[in-house]
């Protein structure tokens, strides 16, 4: 399964990549912001995208909206992974088309659970 | 706060029979003897150069600076690394002792019984129980003449 | 994650956070001037990321500090609060704290008990304090400092918002992070390749195999391009250093009550990473200096018809294979007469010297050690680092700094930095246990000499001839003067012992110093390497035989030879040089007919001379130091017992020494012993072409010469020693020879 990580923090990308590897997912592509994420969507067509909320150029919310506008990406699962905890943000993300929501700091177990919820494990 | 209650912490060490101290605020770190590169044609007080995590640090032989004979063969000197404005300098001493807190009010000028280099290289002393703590004057210590007055090389 | 993976993540976190923080200083200062929502959002994001990641990694102090900072920033972002000098200062303090924690984490692996209760409280208070609140457009701009104008870069707008970092960097998937050490390795390999290429090119002959010649040319081109490419990977924009300056200038102006505008031009000019590191502190000092000493107070500026706000301008550009960085101010300029007074007062120049110099020449005194200390350097203007250190550091990387000033109009410091790195190809040689690096630029060629052991056990080197007692090597019909590196450093390190083990060969490194070629004789040639030249510290400033030092692959320090310095030291550039001692086997008392350096001293009313080669050191002993061992006077010297010989007694010359006064002693060191020659007074060292009249009948005197109009007896040291302390010196000198 191909997974896309969209996060402006190199550290978080590394953390998530390691975590996914432990869960047995090695086919991972990265993007540093939403705009780059959209390019990766086109080029790599992942099954799951882990999306940060706060990013330069294009934030998580705009990225999700942009992805959901394209029918071609209907089957792509989108999971917001962020340390923003305000209910307003959770609401906006889900309304815009996110499928799951995970809070940083996220653990491998939580990631596994969430992926099962999405029917991906 | 009255003067009597101000304490100063000194990193202390020995050099032969001398018990010496430097304010801990001057110290960057204390490390064991390091592989050292000798530097010819400079004062014998300059013991050499060491690589301290990529930084070039000059080591000063405190025994030579005090005019004492070299440390006994087989005994390792310790590096007391002091931070100066233009980089770190390491001072080679015999043995590291405790960090001592002493009352600033007990600081005394160097008594006249001391003479020679010893006297010039100290800012003052503290009388402790049964011993003297001599406070080093780092600036003077590091003010090593270009080539030592007493050395001429052919 | 296992420990390794965790370490990797922590390292990534530290590197990434530092990068973002560097950007933040600048952004915060910009924000103070102009409450731009994009800038707030960017700052917020950085702190937010640090908070999130530090929570994940379990750095609780970092998390708590960044958390309150994030809180405050979110209120700025949502316009619940307006930016103020207090808030900016608080946020800058937060950035400093975060840096400190990151630093601690990177050295010790954890936060090591750091805590910032006061800062947390301050930031919390700032976040609740109701500052203004309801005038989003009319932010109270601080009076003191206009952050930066970027000329001829993106747009000419004042205070233009830097682009968010994501925009002007290649996408994450197209960049790689590479360890600098890997680049260093590549650089070394390219260096090797260049050397091999050079060797191959020597085989190219006009009439040779055309295929070989064509391939060699191709190799040549590819190597050159590869070298340029690898060099380029190490280049970084000077912006990386300049980013800190808006903050520096802001803090300074507030502290010293001045007003300043900072302009930057040419921030994309690239420099090698090593050079960039090396000029960071000197440039910072010059910028501080411009604000602190260059610019006048607002009142004084008004009085001289200037605007209250001073200008500090940085510019960087390429010129003739160098990078030029200029730091200028529109302040009062430097008054040469003031410099004169100060230099005289500080004893750096005599009154005559000061007044005989032009104003322009006088300017250079600011670079003298001891000039810009104490009163000149206020507590603001830096940690007591003087201009002399600035110059030393810049010269340490092969650069230079000059100053121009116009009284009343301002001062410009012009720093020239070589483009061709502080990384130079060098030859690594060894003498005994010690390694030295010789920069490739001084090298001409290498010659190997075979050696064998004589029946007496001495090492005999083939291919060396003696001309007037000096070793030379006949190289393609030319006589090449030889210098035994061991000899140059001998007194200090090798104590006259040729080598603990017999050697089968020696190597001559033919070097060029000015117009002179000579051969440095070393034990071994170990390697060629691209070395990073590090300047020697202040304590080693006088070591003119060394151009610096470098850290070798095994972590050890190796000194870099200054071929010119060595040539000067042994006098090869001035005249026929002196003989060398142990390796040449020339008796140092054999003085006639050559240039000699003599130590001049007196015994009673007699003037005497002693070849300087025989002198290891000059010492002074107080009578209390002298002990008697049998009939002989001895002193404790460098952990050993040293015999003292009263030269007056030995030569039968009356001494005028006063009992109880300190004694002047010339220390002579042979293969393994030292002996002290007691003399009356030491005068001078002279270099003379000796015309010695033999006076063989006089014991201990090699001859007599007229030096400075004085009849001077030149003493025969070995003869004296053999008769005075036969037990030590009867054979030792032969061994040494």
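How well do other chains shield peptide C:541-551, expressed as the mean number of their Cβ atoms within 10 Å of each residue Cβ?
Working: counts 2, 8, 8, 3, 4, 5, 0, 1, 6, 2, 6.
Across C:541-551, the average partner-chain Cβ count within 10 Å equals 4.
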Span from the the range C:277-330 Cα centroid across to the the range B:2-68 one, whole angstrom
38 Å
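Any idea what the relative contact order of chain B is, in percent, if you count C-alpha pairs under 8 Å spaced at least 6 apart? Can you show the working numbers first?
Details: 285 pairs, mean separation 43.4, N = 154.
Taking the mean separation of contacting Cα pairs over the length of chain B, I get 28 percent.
When a/c reaches 1.5 or more, the comparison of a/b and b/c decides; with that in mind, is the range C:3-138 rounded, prolate or oblate per its Cα gyration tensor? Mind dumping the intermediate values first?
Values: a/c = 2.42, a/b = 1.87, b/c = 1.29.
The shape class here is prolate.
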In a Gaussian network model over chain B where Cα atoms closer than 10 Å are linked, find which of B:130, B:67, B:48 has the largest mean-square fluctuation.
B:130
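Quick check on chain B: helices-only [θ] at 222 nm, where DSSP H runs of length 4 and up contribute -39,500 (n - 2.57) each and the sum goes over total residues. Nearest 500, please.
On the way: 3 runs with 13 residues, N = 154.
Mean residue ellipticity at 222 nm (helix-derived): -1500 deg cm²/dmol.
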I'd like the distance between the alpha-carbon centres of the range C:33-48 and the range A:94-121, rounded to an integer number of Å.
29 Å
On each of the three principal axes of the Cα atoms of the range C:210-347, give max minus min coordinate, whole Å, ordered largest first.
77, 36, 24
With an 8 Å cut-off on Cα pairs and a minimum separation of 6 or more residues, tell me the relative contact order of chain A in percent.
23 percent
When chain A is modelled as a GNM with alpha-carbon springs shorter than 10 Å, which of A:28, A:15, A:81 fluctuates the most?
A:15
Hey, could you pull the Cα Rg and Dmax for the range A:3-117, both in Å?
12.6, 33
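Please average, across the residues of A:47-58, the number of beta carbons from any other chain that are within 10 Å of each residue's own beta carbon, and give a whole number. Show your work: numbers first, answer last.
On the way: counts 0, 0, 0, 0, 0, 4, 3, 7, 4, 10, 5, 1.
Neighbouring Cβ atoms belonging to other protein chains average 3 per residue here.
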Cα Rg, Dmax (largest Cα-Cα span) when computed across chain B, Å:
15.9, 59
Using a Gaussian network model of chain B with C-alpha springs under 10 Å, which one of B:64, B:88, B:72 is most mobile by mean-square fluctuation?
B:72
With a 10 Å radius around each residue's Cβ, average the other Cβ atoms per peptide and rank A:70-76, B:28-34, C:94-100, C:28-34, highest first.
C:28-34, C:94-100, B:28-34, A:70-76
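Let me know the mean shielding of C:49-62 by other chains, meaning the per-residue number of their Cβ atoms within 10 Å of its Cβ. Spell out each step's value before the answer.
Values: counts 11, 2, 2, 14, 9, 2, 3, 8, 3, 1, 0, 0, 0, 0.
Other-chain Cβ atoms within 10 Å of each residue's Cβ, averaged: 4.
Values quoted throughout were computed directly from the atomic coordinates according to the rules given, and no laboratory measurement underlies them. Everything quoted here is computed from the prediction, not taken from an experiment. Every residue, glycine among them, receives a Cβ derived from its backbone with ideal geometry; neighbour counts consider all protein chains shown.
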